[in-house]
1. Tell me yes or no: at least one residue of the range 93-112 is under 17 Å from Glu15 (Cβ atoms) and touching a residue at least 12 places away in the same chain (Cβ under 8 Å).
2. Within the range 34-53, does at least one residue satisfy the condition of being under 19 Å from Arg8 (Cβ atoms), part of a strand (DSSP E or B) and modelled with pLDDT of 95 or more?
3. Within the range 1-10, does at least one residue satisfy the condition of being touching a Ser or Thr at 6+ places or on another chain (Cβ under 9 Å), among the hydroxyl-bearing types (Ser, Thr, Tyr) and either under 26 Å from Lys109 (Cβ atoms) or not in a strand (DSSP E or B) (or both)?
4. Is it the case that some residue within the range 74-85 is surrounded by 12 or more Cβ atoms within 10 Å (Cβ to Cβ), of a type outside the set (Lys, Arg), more than 12 Å from the chain's Cα centre (by Cα) and modelled with pLDDT of 95 or more?
5. Restricted to the range 1-59, and to residues that are without any contact (Cβ under 8 Å) to a residue 40 or more places away in the chain and of a type in the set (Phe, Trp, Tyr), which residue is surrounded by the most Cβ atoms within 10 Å (Cβ to Cβ)?
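The values are calculated or read from the model by the stated rules, or taken from the named source; none is laboratory data. Predicted, not measured: the structure shown is a model, and the values here were computed from it. Every residue, glycine among them, receives a Cβ derived from its backbone with ideal geometry; neighbour counts consider all protein chains shown.
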Amino acid sequence: MYPLPTVRVATKKDEGALWKILEPVIRKGGTYVFSLDKSKESLMGYWLGADKTTFAIERGGALVGTFYLKANQEGLGDHICNAGFVVAPEAEGQGLGRWMGEFAQVEAKSRGFFSHAV
């Protein structure tokens, strides 16, 4: 059993730790549509962009995951939430992604987003 993670809003001070988590995913390809050679500055500009709230997930004092929440589209699509998730390689297979997803759903609802099942 792993200790419960803590969640906080990520800040610019987290860029180094976030990059350590995000870079391997970007370089590998297949998960996100970013260029495989995307620079740290460009990716941090996106991941910590003003159009979203980015979260840092910590466990045992280490950053082990990150996700963001944002409106899917402006205007008539702003009630639908879009999210992106990444788990640190050393934390894969420990249920952290599922935990972040469940947390994100509650957080999105508390921020006024909702979904409509068809």
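1. The first filter runs over the range 93-112 and keeps only residues under 17 Å from Glu15 (Cβ atoms), leaving none.
Looking through the range 93-112, none of the residues is under 17 Å from Glu15 (Cβ atoms) and touching a residue at least 12 places away in the same chain (Cβ under 8 Å).
2. Start the filter on the range 34-53 by keeping residues that are under 19 Å from Arg8 (Cβ atoms), which leaves 44, 47-50, 52-53.
Retained after the next criterion (residues that are part of a strand (DSSP E or B)): 52-53.
This time we only want the ones that are modelled with pLDDT of 95 or more, so: 52-53.
Yes, some residue in the range 34-53 is under 19 Å from Arg8 (Cβ atoms), part of a strand (DSSP E or B) and modelled with pLDDT of 95 or more.
3. Going through the range 1-10, the residues touching a Ser or Thr at 6+ places or on another chain (Cβ under 9 Å) turn out to be 9-10.
The next check asks that each one be among the hydroxyl-bearing types (Ser, Thr, Tyr); those that pass are none.
Within the range 1-10 (the criterion being touching a Ser or Thr at 6+ places or on another chain (Cβ under 9 Å), among the hydroxyl-bearing types (Ser, Thr, Tyr) and either under 26 Å from Lys109 (Cβ atoms) or not in a strand (DSSP E or B) (or both)), the answer is no, since none of the residues qualifies.
4. Of the range 74-85, the ones surrounded by 12 or more Cβ atoms within 10 Å (Cβ to Cβ) are 78-85.
Filter once more, keeping what is of a type outside the set (Lys, Arg): 78-85.
Right, trim to more than 12 Å from the chain's Cα centre (by Cα) and you get 78-81.
Checking the rest, the ones that are also modelled with pLDDT of 95 or more come to none.
No.
5. The selected residue is Trp47.
To keep it simple, each residue is scored yes or no on (1) surrounded by fewer than 15 Cβ atoms within 10 Å (Cβ to Cβ); (2) outside any helix (DSSP H, G or I).
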{"site": "Glu90", "(1), (2)": "yes, no"}
{"site": "Gln94", "(1), (2)": "no, yes"}
{"site": "Met100", "(1), (2)": "no, no"}
{"site": "Glu107", "(1), (2)": "no, no"}
{"site": "Phe113", "(1), (2)": "no, yes"}
